[in-house]
Number of protein chains: 2
Amino acid sequence: MTESDRAEDELTPPPEGTGAISAHMTVDRQASHFKRARQARETEIVEDYVELVADLIDEQGEARSVDVAKRLGVTGATVNKMIARLKEMDLVNAEPYRSVFLTDEGRKMAEASRARHHIVVALLRAVGVDEATAWADAEGMEHRCSPETLAAFADFVKKQKL
Amino acid sequence: MTESDRAEDELTPPPEGTGAISAHMTVDRQASHFKRARQARETEIVEDYVELVADLIDEQGEARSVDVAKRLGVTGATVNKMIARLKEMDLVNAEPYRSVFLTDEGRKMAEASRARHHIVVALLRAVGVDEATAWADAEGMEHRCSPETLAAFADFVKKQKL
DNA sequence: TACAATTCTTAGCCAAGGCTAACTTTTTAG
DNA sequence: CTAAAAAGTTAGCCTTGGCTAAGAATTGTA
């Protein structure tokens with residue numbers, strides 16, 4: 001499939017009031033957004049696990065898989081499988097029947113994820129979302145914000161406070 | 001597993017500066033947030049397809065699966081399988097080798113999805129995110145905002161404009 | 001009309017991320 | 001110290017949503 005195959009898409013006039021293709025949204029751009037979204041869906045589960053492991057370590061000194069399971073609302077078997085995957089990705093260290101620890105890389109991911117989480121919560125609060133809803137909704141939004149958007153959020157929150 | 005099994009979670013003091021458990025985030029609440037997030041991941045793909053079918057119908061009078069495939073950046077086979085699923089869910093009508101049409105329910109879902117999409121874009125613009133990034137990031141955030149958050153967004157945007 | 005290109009369908013594959021059930025190891029209580 | 005409870009592991013299953021490859025239907029055109 002070549003570029004010229006769908007050159008006409010570039011010329012489609014922007015229809016008003018729909019989510020349809022327009023100037024800033026060519027077919028190619030849209031496809032790549034969806035691809036990014038699919039990618040995000042894949043990585044966000046990993047990030048959730050890693051962030052949670054970090055939380056547990058910080059709170060309780062160690063992350064036991066039973067606690068991970070409780071907080072994520074999944075079974076122990078599922079956690080086990082996922083931990084194995086995280087281990088393969090070099091995000092955690094784990095020995096059978098022992099609790100889970102973060103590698104440097106894992107810790108870095110957790111901190112980044114956590115930072116994003118907090119920025120999103122702060123932004124939601126700043127535009128008038130109540131505390132509980134902000135925490136609930138940030139879980140999910142945090143993985144879908146580009147660095148640019150997060151920067152804008154941080155900026156906005158900072159200005160709001162002045 | 002009973003409530004009392006983890007009553008101690010309610011008493012955990014809120015550690016500062018982490019994403020850890022605190023007053024507004026009991027283990028149960030957190031688990032249910034993650035469950036909601038998993039649910040959202042499942043429904044958002046459906047919504048993406050339905051919204052896109054609506055876009056194509058509005059733009060071109062019909063939704064051909066080759067166009068859906070192009071815009072989502074997936075193969076025709078994938079679209080085919082998904083359309084079959086949407087049909088089972090009574091969101092679309094589709095006959096072999098013919099283009100796809102929305103049922104009333106499908107149209108309703110598309111409109112709702114589109115409305116959310118626009119609110120999110122507007123909010124992002126309002127807090128200083130540039131046009132292109134706003135459109136890119138809204139794709140993904142739109143599925144993760146509760147009605148409360150969307151209402152707050154709409155409210156904030158309206159006030160901003162005055 | 002017939003053939004070529006395009007589109008659509010089908011079959012079969014894969015990985016991810018859930019689950020249950022059965023089993024082993026570790027921890028805890030008596 | 002031993003038995004019961006809790007935690008962790010393993011095996012096997014399911015659904016989703018991707019993919020490729022091969023073939024059938026439709027459409028466009030010489």
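Structure notes:
- Pairs of Cα atoms nearer than 8 Å and 6+ residues apart set the relative contact order; for chain B it is 17 percent.
- FRET efficiency estimate (nearest 0.05) - Cβ-Cβ, A:Y97 to A:Q39, R0 30 angstrom: 0.30
- The ratio of the alpha-carbon radius of gyration of the stretch A:120-162 to the globular-protein estimate 2.2 N^0.38 Å is 1.09.
- One quarter of the convex hull surface built on the alpha carbon atoms of the stretch B:29-161 amounts to 9.4 nm², the projected area averaged over directions.
- Residue among A:M141, A:M89, A:M25 with the largest mean-square fluctuation in a Gaussian network model of chain A, springs linking Cα atoms under 10 Å: A:M25
- Note on A:E62/A:A154: beta-carbon distance plugged into 1/(1 + (r/R0)^6) with R0 of 35 Å gives a FRET efficiency of 0.65.
- Calculated [θ] (222 nm, deg cm²/dmol) that DSSP helices of n ≥ 4 give over chain B, each run adding -39,500 (n - 2.57): -21500 deg cm²/dmol
- Out-of-range pairs (alpha-carbon distance over 32 Å; input A:K87/A:K159; A:K35/A:K81; B:K108/B:K159): A:K87/A:K159
- Across the copies of the chain, B:D58 has label points (7 Å from Cα along Cα→Cβ) spaced 4.2 nm apart, shortest distance listed first.
- Average Cα contact separation per residue, the stretch B:26-97, under 8 Å, 6 or more apart, as relative contact order %: 17 percent
- Peptide A:149-162 - average C-beta neighbours from other chains (10 Å radius): 3
- Label-to-label distances for A:P96 across copies, nearest first, come out at 5.2 nm, using points 7 Å from Cα in the beta-carbon direction.
- Approximate spin-label separation B:A132-B:D90, in nm, with each point projected 7 Å along Cα-to-Cβ: 4.4 nm
- For peptide A:55-61, the mean count of partner chain Cβ atoms within 10 Å of a residue's Cβ comes to 4.
- Highest GNM mean-square fluctuation among B:E111, B:E44, B:E95, for chain B modelled with Cα contacts below 10 Å: B:E95.
- Here the protein assembly as shown is described by how far its Cα atoms reach on the three principal axes: 59, 48, 37 Å, from widest to narrowest.
No value in this document is a laboratory result; all are computed from the given coordinates. Not measured: the values here are computed from a predicted model. As a convention, Cβ positions derive from the backbone with ideal geometry for all residues, glycine included, and neighbour counts pool all protein chains shown.
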